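Structure first, then comments.
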Amino acid sequence: MSGFPSPGKSVPSPRILVLAIGEAHQLLHVLGVARELARSGVIPDILVPTDWHEDLIRAHAPELSRNVLRTPLFYQGQPLYRCPPRLPNLLLSLRRISGYDAVLTPERTSTALKKLLGKQSPKLIHILHGAGDREKGYEDRIRLFDLVFVAGQKDRDAFLRYGLATADTCHVIGYCKFDVLPAAPPRFFENDRPVALYNPHFDAHLGSWLRFGPSLVEAFATMPEFNFIVAPHLRLRGKGRHLFDKLSRLSQASNLRFDGGSLHSINMDYTRTADIYVGDVSSQVYEFLQTPKPCVFLNAHDADWKDSPFYRHWTFGEVASSAEEAPALIRSAASQHPRFVALQTSGFAAAINSGADTASARAALLIRKYLASAQPAEDRP
C-alpha cells in the first residue's frame, strides 16, 4: 500500500470503489477524497449512474476520468434531478462490487451489501453528504458501515450517543465538499442588490415549499430591493416538482431566478453568492454559513423546535410561522444579524471542523491506515 510498506517488501494496493449511485450532488462529498487517494497512489474506480456525474468528475477531478465506470442502469441527457433507482443498480453490480476491498460512498443503500454479499462484502466506508440536523440523518443503517466520516463533532457526538458508531469507527474530518469548489461563483444578477436564496427542502412533511412556496414567490416579486434565487433541494419530487415548474414558468419578475436543478444548485454557487438564506431543514444552511450571514427560517409544519437538536440551525436566525410573516423578517434580517453571529459561529464550528489539512486529505489518510490494518497478517507491511 502506498505510503505504508516496509523497506524491501511490496504490499499490494487495495482496490477501492467509489460507489456514487445517488444523485450527482452527493458525489461532491467524496470526489475530493477519491482525488487524494489517487495522489497517494491508491487509485479508486468510480461507479456512476448519470452523465452529470461524469461532467462533475471531468470538471473537478479530471485525472480520475479514466477510472469512471457506468452503472448497468445509466441515464444520459436527463435532468440533473433524475437518477436511476439505487437498489436495482446495486443488485445488478454485485459481481463487480465484490471484487473490491473497500467501498467508499456518500449514500446508505449500499449497506445492503452486508446482507447480499455476507463475508464477501467489501469494507464499507461512509462520508455523510451534509452536516445538517434533520432527524432522519441519524438512522440505523449507519451501524452497518465499517468506517464513518462526519464533518464535525456535533454528528460524532450524536452517533456515539445513539449507538450508531463507536469511537474507533467514527472520525471527524471536516467538510470534503469545500475541497472541490470552483474558485468563485459567477454573478447571477446585473445589479448589486442583496441576494436572498430560498432553499426549501424536498421532504413535504418538513419543508416549506408546498405550504409557503406560492405565497413567497408572489411576495418576492413585490420586493424589488432584493434579488431572489428560488432553488429547492435537488430531490424535490411529485407535487412539489410540478408546483416548481408551474411557478417558474409563470413568473415574469426580473428579480427572481428559478433553478430546479443545475450545477449551480449543487456546487455552492448559490450559497456563496447569497447575502441572506431563507430555508427550512436543508443542511445547505451550513454551507451558507461558511461565512456568517443573515438567515430566516420557515416553520411550515408547526414544529415545536426550540429545544430540539433536530432544529439546532433555527437558532441562527429569525423563524417565520407563516408565509405572510417571512417578507418582514427578510427585510430586517441584515439589521438583526448581529444578534445571531455568535450562535452561527459556534454552531458552524460544531457542525464542520476545520484543520491544517483539507478534509479530503484527512479522510484519505485514515482510509489508507484502516485498510492497511485490515489486511491479513501475512500481507501487512
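In this structure, the amide hydrogen of M268, modeled 1.01 Å from its nitrogen in the peptide plane, lies closer than 5 angstrom to no residue at least 5 positions away or on a different chain.
Show that you can apply the helix-only estimate: for the chain, add -39,500 (n - 2.57) for every DSSP H stretch of four or more residues, divide by all residues, and state [θ] at 222 nm to the nearest 500.
Working: 14 runs with 122 residues, N = 381.
When only DSSP H runs of four or more count, the value is -9000 deg cm²/dmol.
Peptide packing: for 279-288, 197-206, the average count of neighbouring Cβ atoms within 10 Å per residue gives the ranking 279-288, 197-206, highest mean first. Rounded to the nearest Hz, the phi-derived 3J(HN,Hα) couplings of the range 58-72 under the Karplus curve 6.51 cos²θ - 1.76 cosθ + 1.60 (θ = phi - 60°) are 4, 7, 10, 8, x, 5, 9, 4, 5, 9, 8, 10, 9, 5, x, where x marks glycine and proline. Can you work out the base-10 log of I(q)/I(0) for the range 274-381 at q = 0.14, 0.16, 0.20 1/Å, using the Debye formula on its C-alpha atoms alone? For the range 274-381, the Cα-only Debye profile gives -0.63, -0.74, -1.01. The phi-based Karplus calculation (6.51 cos²θ - 1.76 cosθ + 1.60; θ = phi - 60°) puts the 3J(HN,Hα) values of the range 21-30 at 8, x, 4, 4, 4, 5, 4, 5, 8, 10 Hz, whole numbers, x for Gly and Pro. Compactness of the range 205-343 was expressed as the Cα radius of gyration divided by 2.2 N^0.38 Å, which yields 0.99.
Would you work out the relative contact order for the chain, in percent, from Cα pairs under 8 angstrom that are 6 or more residues apart?
Working: 691 pairs, mean separation 67.8, N = 381.
Computed over the chain, the figure is 18 percent.
Cα-based radius of gyration for the chain, normalised by 2.2 N^0.38 Å, reads 1.02.
Each Lys or Arg adds one and each Asp or Glu takes one away; over the other residues whose Cβ falls under 10 Å from the Cβ of F340, this sums to +1. For the range 123-185, chymotrypsin sites (Phe, Trp or Tyr not before Pro) meeting the loop criterion (DSSP other than H, G, I, E, B) and having at most 13 other Cβ atoms within 10 Å: Y162.
With the convex hull drawn over the C-alpha atoms of the range 110-197, the volume per residue is 148 Å³. Calculated over the range 41-86, the projected area of the Cα convex hull averaged across directions stands at 3.6 nm². Highest mean packing comes first when the peptides 231-240, 294-303 are listed by Cβ atoms within 10 Å, giving 294-303, 231-240. Among the GluC sites (Glu not before Pro) in the range 172-273, those located in a DSSP loop and surrounded by at most 16 other Cβ atoms within 10 Å of their own Cβ are E190, E225.
For the range 173-227, the share of alpha carbon pairs falling in successive 10 Å distance bins from zero is 18, 30, 34, 17, 1 percent.
Computed on the Cα trace of the range 21-129, the radius of gyration divided by the Kirkwood hydrodynamic radius gives Rg/Rh = 0.93.
Residues whose amide H falls under 5 Å from that of F228, counting only those 5 or more places apart or on a different chain, are A196, L256, R257, with hydrogens built in the peptide plane.
Taking packing as the residue-averaged number of other Cβ atoms within 10 angstrom, the listed peptides 243-253, 34-44 run from highest to lowest as 34-44, 243-253. For Y138, neighbours were defined as the other residues whose beta-carbon sits under 13 Å from its Cβ, and their charges (Lys and Arg +1, Asp and Glu -1) total +3.
Quick one: Karplus J couplings for the range 172-180, per residue in order, coefficients 6.51, -1.76, 1.60, θ = phi - 60°, nearest Hz, x for Gly and Pro? Per-residue couplings from phi come out as 8, 10, x, 10, 5, 4, 4, 7, 10 Hz.
Rule-based calculations on the coordinates, nothing more; no lab input. All values reported here derive from a predicted model rather than from experimental measurement. Counting neighbours? That spans all protein chains shown, and the Cβs are built from the backbone with ideal geometry, glycine included.
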